[in-house]
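Participant: Questions regarding the structure given below will be posed in turn.
Any read-out appearing in this document is the output of simple, stated calculations on the displayed coordinates, not a laboratory observation. No experiment lies behind these values; they were computed from the predicted model shown. Please note: Cβ atoms are built from the backbone with ideal geometry, for glycine as well, and neighbour counts cover all protein chains shown.
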Number of protein chains: 4
Amino acid sequence: MSPVRTYEVEVLYDVPRIEEKLIIRALMNLGIKPKLTTVKDTPLIFKDNAPSVCVVRPMSMYRAAYSAAVRESSGSFTINSSEAIIACGDKVLTLSKLAAAGLRIPKSIVALTIHSAEEAYKLIGLPLVDKPPIGGWGRLVSLISDETAYRSLLEHREMMTSQQLKTHIIQEYIKTPGRDIRAIILDNQLLGAIYRYKQENEWRSNVALGAKAVGFRPDEELTEFCIKAANAIKGVFVSVDVLESDGYFLNEVNGVPEFKAFIGAAKRNVAVDLAEYIVKVLKR
Amino acid sequence: MSPVRTYEVEVLYDVPRIEEKLIIRALMNLGIKPKLTTVKDTPLIFKDNAPSVCVVRPMSMYRAAYSAAVRESSGSFTINSSEAIIACGDKVLTLSKLAAAGLRIPKSIVALTIHSAEEAYKLIGLPLVDKPPIGGWGRLVSLISDETAYRSLLEHREMMTSQQLKTHIIQEYIKTPGRDIRAIILDNQLLGAIYRYKQENEWRSNVALGAKAVGFRPDEELTEFCIKAANAIKGVFVSVDVLESDGYFLNEVNGVPEFKAFIGAAKRNVAVDLAEYIVKVLKR
Amino acid sequence: MSPVRTYEVEVLYDVPRIEEKLIIRALMNLGIKPKLTTVKDTPLIFKDNAPSVCVVRPMSMYRAAYSAAVRESSGSFTINSSEAIIACGDKVLTLSKLAAAGLRIPKSIVALTIHSAEEAYKLIGLPLVDKPPIGGWGRLVSLISDETAYRSLLEHREMMTSQQLKTHIIQEYIKTPGRDIRAIILDNQLLGAIYRYKQENEWRSNVALGAKAVGFRPDEELTEFCIKAANAIKGVFVSVDVLESDGYFLNEVNGVPEFKAFIGAAKRNVAVDLAEYIVKVLKR
Amino acid sequence: MSPVRTYEVEVLYDVPRIEEKLIIRALMNLGIKPKLTTVKDTPLIFKDNAPSVCVVRPMSMYRAAYSAAVRESSGSFTINSSEAIIACGDKVLTLSKLAAAGLRIPKSIVALTIHSAEEAYKLIGLPLVDKPPIGGWGRLVSLISDETAYRSLLEHREMMTSQQLKTHIIQEYIKTPGRDIRAIILDNQLLGAIYRYKQENEWRSNVALGAKAVGFRPDEELTEFCIKAANAIKGVFVSVDVLESDGYFLNEVNGVPEFKAFIGAAKRNVAVDLAEYIVKVLKR
């Protein structure tokens, strides 16, 4: 390591969650005192004297991507890279990269206008799922069962300002057994997998929407599938969402993975794995 | 070429400009009848039966990036790739990649909040340039000469919804000789360069803001500089904006380059170059 | 009339429609050459030398209200007043004034947050109608039949910036015989009434959404009802929307009424009535 | 009072401030236990069984106006009425009503588009003040000293969604002696007046922006001026902002007045005055 780097590792975040605290503690236990940067308060300077490894943890996707990008201008190794964070954070890009890598995704169409969304509706049929490219925790992800509801959704999205929120990803609805699968991948290895059983009265399986996490042992096909997904978006440390019906469908990848519920359900301390990986990177 | 591809080349656009018409005509002159797709009206289907080469020309950055991404899921070669379009369209990513490639950029800071922007202001000093990551034709790019004006700008940006428009890129103001430089790069070669002389009463050099284009012969340093910039963002066909003061500063790269004014000033029919390049790609 | 007023009548508009052309022609036929003001291009000066009577016709509600307000600062008589335009344009205010005047409205609740909207949902039950206070031509007016669709709507509205669009008016759904009633009131008199039969596959009766206009002879109860509604919002020239089920329900009042479809269906040239009224006002 | 009204007085608020606590305490001291309603959590039902007097205190203008409007549908007396709250909260309406009442305002122009704002700029000249119709605590109120800064402001406002924020009120800059005047009016009487000395490096005199409050004894002209202003917008309990240069200029009226700083500086417990007024209203 070059002597001018006063810190070797930096953890960047906006709102510190349990995940960030666990990562910091795991690093400390391995003798690494990370630089802590609250990205909301700190000007991020291009080509600054930055740490070797930057763990990028802001909850907001663009805050995460921009924090990573600025650190990359100084030659830091970022977990994850700005490219991977954007490839995960924008679901059009995710689906593009997963499909280009030969992975199975739900039948999906991008509509850039309300007119095009009406055409896509005819191609997919009901029920369908409509979501914008960006947004986490299932927000604005809508299950549409009738035309009146769809027209209302289209009018609402038309009123939004950003072109991203005006863009529709329209997908066939995959009928799952009341749960989806979330796996965490680090450095080309699957750390574990959980089922997320959705709450009654809610069709989405987000933990933030009340889903219950239960660990299970993934088979080889699923394991391989998830590792390929992480590689497709060039993610070092990601979580992968899989839908299960007649076989697996890749759906989303998260570039700043939450893992609080995962640790309990999968009995695997992801933060320790990450800290050990960082030590390995520092020794390279 | 596989026989199922009914068209070999597709031109995708939202609002057809002179540029798109010139590209289509140049392709026709070389015996290629491109498929024409208006992305506002057309559902874009992942893993569809897409043409081999897709020329991505929507004016809106996200429309361009999403059109490219969907076509890439089918294995098409896109000019430019969704990655390059986003790396150009988002100026935080552009600056990151240019700086990481060792190219000289103006002193730049990213501020994710109004508080951080106030800190960055102290670090850069007056006059400064403040711009959001996204937006074309110089829009919202502001030259700030006094603190009252800066505070007003910060309040205005705070009222915007998207995190991208709330993000500030704060840069030192580069005093140029009343013009900037625009060069067009295709397939690792510089096609030509022009000066854009800014209009009186306007500090920005965008042609859309009245700047006047004049061709000139770029020196070797500038030529190399611009080709490196195109490579840094992995762009096949881009325009590069350079500021000139005590040496060159790389500032922006455009992933869906306009070239109407360029053709006249640089005496180079960029559309013909592009069409010939596409023929070369089809023969690969 | 004071001799300094160069014009006695002004017609203010943003996008000139058939209605504005008919009003201008009807005024000309009565010997009045109105001043024509496109409010998009014209600075509106407080306490300016303004015409005696201003016919306020911008399609955008706030453009109409602000045009009226500026002219009122100069003492002009505005049709309608800024107060009436806002009382019509903001449906919370409309319902408040109609109910306070003792007129029957659908059971209605205002919810200022998503949390409060969830509570209101329990009080109204399904099906329900949810609409924001502002917006014309039925936009964002949603008929909700199931909880999943309602949750999706709530999430979408939460993403909007303006407090007005975040506000929910939640109403019982009034089951009508496939049509609603629109009457036009001028100077305390009902000029006529039409049914608007809604298009198949569309539950709203807006002409902009394909509804068909058919004239009919209103009974005395309806006539009195509509005149009271116009008075409740202090409107001189308005259209009133009435829902018919077990009796009449007042629902909306329009302060810049469209009447193109009305003229044909009700066989009454509303523009001529308006011009004659203006002559009467000028003589006062 | 009708026996079905379980509470005689209601205090409605969103974020409880010192002002609301003082009002509640003053009412309690007079033997009145008010109903406390947090408007963010409570569905507001039209024609509900509402208290006789409603003190409307939400900080957000539309939340205040809508709370008042719903209560008015039940016949409650609201302080202030929805009409007064909107007439104060929307500065185009304020200026219209003040000017129509013959009160002196700064030279002011409304521009509904960027094009019209450029024309208004030529009419007013530099320096000028530009502000949107809505927004409190001085937000977006901009002092413009040069054309570059004004063009930047125009571009920023153009990116906003609401027509209200796209509307410009362009005013001559009134050169004051480093302070403005704020008076509080209740039931046609002036309770007191303070100077607000603006902070260094800030041209606006908002207490939220660091201004310092100092009480003074208003002369008769000012007193009469402020009472007329309150009447012009039909406000029962308002604060009036006055600019002082060569005589007084009425500028803004606040329909949900803050008075924490006022109490200390003017040595007048406004909350007690308000509670006593409410007792008087209940006895009517």
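Participant: In terms of modelled amide H atoms, which long-range or inter-chain residues lie less than 5 Å from the amide H of A:S108?
Facilitator: Amide H to amide H, under 5 Å and 5 or more residues apart or across chains, A:S108 pairs with B:F46.
Participant: What percentages make up the Cα-Cα pair-distance distribution of the protein assembly as shown when the bins are 20 Å wide from 0?
Facilitator: Using 20 Å bins, I get a P(r) of 11, 36, 38, 14, 1 for the protein assembly as shown.
Participant: Quick check: the distance between the Cα centres of the range C:193-260 and the range B:153-189, to the nearest angstrom?
Facilitator: 51 Å
Participant: Here is a follow-up. Sum up the charges of everything whose Cβ sits under 12 Å from the Cβ of B:T113, counting Lys and Arg as +1 and Asp and Glu as -1, but leave B:T113 out. Present the calculation step by step, with values, prior to reporting the outcome.
Facilitator: Working: positive: A:K40, A:R63, B:R157, B:K166; negative: A:D14, A:D41, B:E118, B:E119, B:E158.
Spelling it out: positives minus negatives among the neighbours equals -1.
Participant: State, to one decimal in nm, how far the label point of D:W137 lies from the label point of A:I18, with both points 7 Å from Cα in the Cβ direction.
Facilitator: About 3.4 nm, to one decimal.
Participant: Out of all DSSP beta bridges in chain B, what portion is antiparallel? Express it as a percent rounded to 5.
Facilitator: Around 75 percent antiparallel, to the nearest 5.
Participant: Using DSSP to define loop residues, name the trypsin sites (Lys or Arg not before Pro) in the range C:198-257 whose beta-carbon has at most 16 other beta-carbon atoms within 10 Å. Please report the intermediate quantities before stating the final value.
Facilitator: Working: sites: C:K198, C:R204, C:K212, C:K228, C:K234; in loops: C:K198, C:R204, C:K234.
Filter output for the range C:198-257: C:K234.
Participant: Check the straight Cα-Cα distances from B:K228 and name the aspartates and glutamates below 15 Å, setting aside those fewer than 8 residues away within the same chain.
Facilitator: Cross-link targets: B:D187, B:D219, B:E220, B:D241, B:E252.
Participant: May I ask you to sort A:V110, A:V214 by Cβ crowding, counting other Cβ atoms within 10 Å and putting the fewest first? Working shown, then result.
Facilitator: Values: A:V110 28, A:V214 14.
Taking fewest neighbouring Cβ atoms as first place, the list is A:V214, A:V110.
Participant: Expressed as cubic angstrom per residue, what is the convex hull volume of the alpha carbon set of chain C?
Facilitator: Details: hull volume 38.0 nm³, N = 284.
Taking the convex hull of the Cα positions in chain C, it is 134 Å³ per residue.
Participant: Going by how many other beta carbons lie within 10 Å of each one, how would you line up A:R139, A:R157, A:R57, fewest first? Intermediate values should be presented prior to the final figure.
Facilitator: Working: A:R139 17, A:R157 20, A:R57 25.
So the residues, fewest neighbours to most, are A:R139, A:R157, A:R57.
Participant: Continuing with the same structure: Spin-label point model (7 Å from Cα, Cβ direction): what's the C:K267 to D:E244 distance in nm?
Facilitator: Distance between the two pseudo-spin positions: 7.0 nm.
Participant: I would also like to ask the following. For the pairs B:K122/B:K260; D:K260/D:K280; C:K198/D:K131, note any where the Cα-Cα span goes beyond 31 Å. Walk me through the numbers on the way to the answer.
Facilitator: Details: B:K122/B:K260 40 Å; D:K260/D:K280 24 Å; C:K198/D:K131 42 Å.
Over 31 Å apart, Cα to Cα: B:K122/B:K260; C:K198/D:K131.
Participant: Using a Förster radius of 41 Å, what is the FRET efficiency between D:N29 and C:N49 based on their Cβ-Cβ separation? Nearest 0.05, please. Could the numbers behind the result be given before it?
Facilitator: On the way: r = 54 Å, r/R0 = 1.32.
Efficiency, from the Cβ-Cβ distance: 0.15.
Participant: Placing +1 on the Cβ of each Lys and Arg and -1 on the Cβ of each Asp and Glu in the range C:152-284, which of C:L190, C:S245, C:G264 has its Cα farthest towards the positive end of the resulting dipole?
Facilitator: The one lying farthest along the dipole's positive direction is C:G264.
Participant: Then there's this: Can you give me the Rg/Rh ratio for the range D:151-284, using Cα atoms for both radii and the Kirkwood formula for Rh?
Facilitator: Numbers: Rg = 16.8 Å, Rh = 16.4 Å.
Result for the range D:151-284 is an Rg/Rh of 1.03.
Participant: A follow-up question, please. How are the Cα pair distances of the range C:108-172 distributed, in percent, across 10 Å bins from 0?
Facilitator: P(r) for the range C:108-172, in whole percents per bin: 24, 63, 13.
Participant: Now for a separate question. log₁₀ I(q)/I(0) of the range A:180-254 at q = 0.16, 0.21 Å⁻¹, via Debye over equal Cα point scatterers, no solvent, to two decimals?
Facilitator: The computed values of log10 I(q)/I(0) come out as -0.53, -0.88.
Participant: Relative contact order for the range B:175-268: what percent, with Cα pairs under 8 Å and sequence separation of 6 or more? Show your work: numbers first, answer last.
Facilitator: Details: 183 pairs, mean separation 29.1, N = 94.
The normalised contact order for the range B:175-268 reaches 31 percent.
Participant: When only Cα pairs under 8 Å and 6 or more residues apart are kept, what is the percent relative contact order across chain C?
Facilitator: Answer for chain C is 19 percent.
Participant: Tell me, what is the percent relative contact order of the range D:44-181, built from C-alpha pairs under 8 Å that lie six or more residues apart? Mind dumping the intermediate values first?
Facilitator: On the way: 192 pairs, mean separation 29.6, N = 138.
With pairs under 8 Å counted, the relative contact order is 21 percent.
Participant: Would you please state which residues of the range B:227-262 a label at B:Q189 would reach in this model, taking the label point 7 Å out along Cα→Cβ and a backbone N cut-off of under 18 Å?
Facilitator: B:227-231, B:235-240
Participant: Please list, in chain and number order, the residues 5+ apart from B:N251 or on another chain whose amide H is under 5 Å from its amide H, with Hs placed from the backbone.
Facilitator: Here B:D241, B:L243 satisfy the definition.
Participant: If you don't mind, another one. Sequence-distant or interchain residues sharing an amide H contact under 5 Å with B:F77, placed H: which?
Facilitator: Long-range HN contacts for B:F77: B:V53, B:C54.
Participant: For each of B:L36, C:L222, B:L153, count neighbouring Cβ atoms within 10 Å of the residue's Cβ, then give the residues from fewest to most.
Facilitator: Numbers: B:L36 13, C:L222 19, B:L153 22.
Starting with the residue having the fewest Cβ neighbours, the order is B:L36, C:L222, B:L153.
Participant: A further question on this structure: By the scheme Lys and Arg +1, Asp and Glu -1, what is the net charge of all other residues having a beta-carbon under 15 Å from that of B:G102? Present the calculation step by step, with values, prior to reporting the outcome.
Facilitator: Values: positive: A:K47, B:K97, B:R104, B:K228; negative: A:E72, B:E221, B:E224.
Residues near B:G102 contribute +1 overall.
Participant: Would you calculate a helix-derived [θ] at 222 nm for chain C, using -39,500 (n - 2.57) for each DSSP H run of n ≥ 4 and dividing by the full residue count, to the nearest 500? If you can, show how the numbers build up before the last one.
Facilitator: Working: 10 runs with 104 residues, N = 284.
After summing the helix terms and dividing by the residues of chain C, the value is -11000 deg cm²/dmol.
Participant: Between A:G255, A:G235, A:G136, find the one with the highest GNM mean-square fluctuation for chain A; connect C-alpha pairs within less than 10 Å.
Facilitator: Greatest mean-square fluctuation among the candidates belongs to A:G136.
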